[in-house]
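Remarks on the structure that follows.
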Amino acid sequence: MGKVFLAADGSAHSKRALEKAIQLAKASNASIDIVHVISAKESKEAALNSTGKIDLETKRKQMLKPLFDLAEAEGIAYEYIELRGEPDVELVKYANHEPYEYVVVGSRGLNTFQEFVLGSVSHKLAKRALAPVIIVK
C-alpha cells in the first residue's frame, strides 16, 4: 500500500488539497500522511495567546480537525505528522525521506503575504520534492 503526502496548515487551501489527496489515495489504495510544520513564529504567537502546552496542542488539533474528520468520513487511513522548523525546509525534507506516490499541497497557506514576499512553500515543494507534486488552488 502506497502513501500520499499532504502538507497541511488548516487553511481552506489545505482542505481542498486534502480532497485531491483523498481522490488520489482512493485511486491507488493508499493512505495519507497529513504533515503540519510548526514554525518558530507560529510557536511564539500561539504561546502568547494560550494558557499552556496542553492548550496549544488542543488549538492546533482543533485547527486541523476538519481535515482528520474528512479523511475519516471518506474511509481513508491517515497518519498525522507534526514537525518543527521552517515549513518549506521541513516539508521538503520529510517528503523526500520515503517514497511517496504523490505530494499534495495547497497553492496558498495561512500566511499569503509571507508566501508572496519569500516564495511559497508550494513552489519549493514543487521544485525539490522527489515525488510528483500536485498544487491545488
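Every number in this text was worked out from the coordinates using simple rules, so none of it is lab data. Everything numeric in this text was worked out from a predicted model, so none of it was measured. Cβ placement follows ideal geometry from the backbone for every residue including glycine, while neighbour counts extend to all protein chains displayed.
The table for this structure:
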{"item": "FRET efficiency, E57 to A27 (Cβ-Cβ, R0 30 Å, nearest 0.05)", "result": "0.35"}
{"item": "Mean Cβ count within 10 Å, highest first, over the residues of peptides 7-17, 122-132, 67-77", "result": "7-17, 122-132, 67-77"}
{"item": "Net charge, L83 excluded, C-beta distance under 9 Å - Lys, Arg +1, Asp, Glu -1", "result": "0"}
{"item": "Amide hydrogen neighbours beyond the local backbone of I81, cut-off 5 Å, H modeled", "result": "I34, V35, H36"}
{"item": "Too-long pairs where the Cα-Cα distance tops 19 Å, listed order kept, from K20/K65; K15/K65; K3/K93; K20/K93; K61/K127", "result": "K20/K93; K61/K127"}
